[in-house]
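Have a look at this one.
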Amino acid sequence: MADMEPVSVLVATGPIAEGTPAEALAELIATESIPAAAVGPGAVTDLAELDGLVAVTTLQPGEQILAGRFADPASILKPGEIPAP
């Protein structure tokens, strides 16, 4: 693994439902060391990076925690809230 430039990233250990706040993730994630070539864009290495955000999609066990899958809850539109032109 040393030749593969390992990087520590956060990975889901169980399903994480859409709308789950980052503050509730501690029990649902673990740190794993993976080859740098396998690290997804925006991979989260510290849970503090997601403070105040919620999951915008359901995450599956084994999936890397990516910053792009989280957003400020105030910025998320509910169905039917898209303004008509």
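Using a 1.4 Å probe on the protein heavy atoms, what percent of the accessible area of the chain belongs to carbon and sulfur?
58 percent
Compute the projected area of the convex hull of the Cα atoms of segment 17-72, averaged over all viewing directions, and report it in nm² to one decimal place. Don't jump to the answer; show the numbers that get you there.
On the way: hull surface 14.4 nm².
Averaged projected area of segment 17-72's Cα convex hull equals 3.6 nm².
Roughly how many Å² is the accessible area per residue of the chain, as a whole number, for a 1.4 Å probe? Mind showing how you got there, number by number?
Values: 5260 Å² over 85 residues.
Here the residues of the chain average 62 Å² of exposed surface.
The values are calculated or read from the model by the stated rules, or taken from the named source; none is laboratory data. As the structure is a computational prediction, the values presented were derived from the model and not from experiment. For accessibility, only protein heavy atoms count, side chains too; no ligands or nucleic acids. Shrake-Rupley method; radii C 1.70, N 1.55, O 1.52, S 1.80 Å.
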